[in-house]
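Below is one structure; the comments refer to it alone.
The values are calculated or read from the model by the stated rules, or taken from the named source; none is laboratory data. Please read these numbers as outputs of a predicted model, since none were measured by experiment. Using ideal geometry, Cβ is built from the backbone for each residue, glycine included, and neighbour counts are taken over all protein chains shown. Quick note on the areas: whole protein, heavy atoms, side chains included, nothing else; ligands and nucleic acids left out. Shrake-Rupley method; radii C 1.70, N 1.55, O 1.52, S 1.80 Å.
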Amino acid sequence: MYSVDSINETSSTMFKSIHFRLLQLLITLGLILSIVGGTSSISSTGVYTVQTTSEAGAVLYLVAYLALCLVTAFTVLSVSSVRYGDNRIVWAVVIAMPLILIRLIYTLLTVFHHDHLFNIVSGSVTVLVLMDVLEEILVVAIYLFIGWKTEAAPKTARGPIESRPWKGQLAGAAGPGGPQRHRQGPIHTLLQAGIEAAHGSRDGV
Amino acid sequence: MKFSARGGISILELGVYLPALVIAVIVCSRHGFGRAFGWIYTLILCVVRILGACCQLATYSSQSSGLLEATIILDTIGLAPLLLATLGLLSRS
């Protein structure tokens, strides 16, 4: 069983699948806002200005990052209940988080602080390299290294969070049956999960 | 010849992310391509960075503003795959 799933079994169920889906939604929203901001940031005269949507997207990234820190901290604290091979994954994430933080700080600086140093288009190249490109390369390298070294999860041992469907059926990924099998969008699913959680009828999938 | 430092960075990115792309494909095929697993985002990041580096190098030959926009967007969305990949890794472990 994988760690947040196994932690949920052995200790109090702090993280339900819904938290993860909320985080996914948050990051995706930040992404969309950043893209929209980026497309509209070049005016017709070719001048580059930062848009409000870019700023909103960056703030969403920040919030999502802080939430991820919480989840990481929780996972690290319960590291003893993690399945043996996944220890390395937890430590890889712990190492990667500060690097992602630097990348996040770079994005926030370029968006909010209007200084000639931190501009995407005309800013200092040294800063760009040190804060941005290097961090991404390091994080990708760490994750790929961990992915290379770790074995794949056997399909039978997945708990409810890992086998959460990306979109649609709340009833889980395996097999036919279950009360709601028609596909629903993630917002609809979240609303339903919220309603059901309020009624206290589900124990968290 | 590209004497600009940004051009050098783009070439460096190509040199790093092209092999990384190959490794990412292998890792994803081993662990599963599902979005909940998070490994696919390393793949997406490699593709995005390669495209960004190519766009940036292309700005040397043609000054179209669409290319500049593409460079900026690809730079800006570099953070999201990192966060989503982390989320996927944490949900697994």
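Take A:Val50 and tell me if it is at negative phi, modelled with pLDDT under 80 and either of a type in the set (A, V, I, L, M) or in contact with a strand residue (DSSP E or B) (Cβ under 9 Å, 6 or more places away or on another chain) (or both). Yes. Within segment B:31-46, residues that are of a type in the set (Ser, Thr, Tyr) reach partners that are in a helix (DSSP H, G or I) and open to solvent by 30 Å² or more (accessible area, probe 1.4 Å) with beta carbons closer than 9 Å, at six or more positions or on different chains, in the pairs B:Tyr41/B:Arg35; B:Thr42/B:Ile23. Scanning segment B:11-45 for residues that are basic (Lys, Arg) and within 18 Å of A:Val93 (Cα to Cα) returns a single hit, B:Arg35. Would you call B:Ile11 open to solvent by 40 Å² or more (accessible area, probe 1.4 Å) and either assigned to a loop (DSSP other than H, G, I, E, B) or within 10 Å of another protein chain (Cβ to nearest Cβ) (or both)? Against the criterion (open to solvent by 40 Å² or more (accessible area, probe 1.4 Å) and either assigned to a loop (DSSP other than H, G, I, E, B) or within 10 Å of another protein chain (Cβ to nearest Cβ) (or both)), B:Ile11 does not qualify.
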